[in-house]
Amino acid sequence: MCNSGVMAASRGTRPPSEDVEELAAALDGPVGTLTAVWATRHLHAPVPVTQLRVLFVVERHGRVNVTGIAEELDALLSSASRLCGRLEATGMLERAPAPDRRAIMWRLTPQGAGLLARLRQERLRDLAEVLETMSATDRAALLTVLRRFDEAAAGREDGRTTPFSMPA
C-alpha cells in the first residue's frame, strides 16, 4: 500500500487519507533513524544543545539581536541573553556593531564558525557511511523523495514548517 502512495505522489495526485496516515506511520521509524544519525554529533558537541541551537540561529542570520534569537528559539528574552553571554564567554559568539546603538547584535566568532563547520563535516561523513550501504538506485530515489517532501513541507500554509537548519 505504501508503494501506491509513493506512486500517486510521483504523479502529482494525492492518495486517499487512510493511505497517507498509514504512510506517515510507516515513515516514523525510518525518519527517527535518519534523525538519530544526523543529530548524533550535536549531542556530543563541546557545548550544550541549547547553546548549539543559538549558534545555528546566528549562523543563519549572520548577525542577529537577542530578541531575534529568543523568537526563533521560542525562548524567554532573559534565557536567550544568558545563552549568548555563555557563548561569548567561551569564545563562540561576539558582539557586533548594530545600526541602533541600544541593541546588541551577535555574530559567530571564527571559533564558533569552526565548530559548526566541524559538526557539519562529521554529520555528512556519518550520513555518507550509511548511504554507501545503499544501491545507487535507492540513493537516487531517496534523494528525489526527500526533495519532494521538503517542497511539500515548505508549502504548508499553517506556518508550522520553518527552515530550521540544525545544521551545523
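When the residues of the stretch 86-102 are narrowed to those that are among the small types (Gly, Ala, Ser) and exposed (fewer than 13 other Cβ atoms within 10 Å of the Cβ), which ends up farthest from the chain's Cα centre (by Cα)?
Taking the candidates together, the pick is Ala89.
How many residues are at pLDDT below 95, within 14 Å of His61 (Cβ to Cβ) and not in a strand (DSSP E or B) if we restrict to the stretch 82-103?
2
So which of Ala128, Ala113 is of a type in the set (A, V, I, L, M, F, W, C), modelled with pLDDT of 90 or more, more than 17 Å from the chain's Cα centre (by Cα) and in a helix (DSSP H, G or I)?
Exactly one of Ala128, Ala113 is of a type in the set (A, V, I, L, M, F, W, C), modelled with pLDDT of 90 or more, more than 17 Å from the chain's Cα centre (by Cα) and in a helix (DSSP H, G or I), namely Ala128.
Do we find a residue being among the hydrophobic types (A, V, I, L, M, F, W, C) and either surrounded by 14 or more Cβ atoms within 10 Å (Cβ to Cβ) or farther than 30 Å from Leu23 by Cα (or both) anywhere in the stretch 132-140?
No, every residue in the stretch 132-140 fails to be among the hydrophobic types (A, V, I, L, M, F, W, C) and either surrounded by 14 or more Cβ atoms within 10 Å (Cβ to Cβ) or farther than 30 Å from Leu23 by Cα (or both).
For Ala70, are the conditions met, namely being assigned to a loop (DSSP other than H, G, I, E, B) and either at negative phi or surrounded by 13 or more Cβ atoms within 10 Å (Cβ to Cβ) (or both)?
no
What are the pairs with Cβ atoms under 9 angstrom where one residue, in the stretch 144-156, is touching a residue at least 40 places away in the same chain (Cβ under 8 Å) and the other, located anywhere, is in a helix (DSSP H, G or I)? Sequence gap at least six, or different chains.
Partner pairs satisfying both residue conditions: Val145/Val6; Val145/Ala9; Val145/Ser10; Arg148/Ala9; Arg148/Ser10.
The values are calculated or read from the model by the stated rules, or taken from the named source; none is laboratory data. These figures come from a predicted structure and were not determined experimentally. Virtual Cβ from ideal backbone geometry, glycine too; neighbours counted across all protein chains shown.
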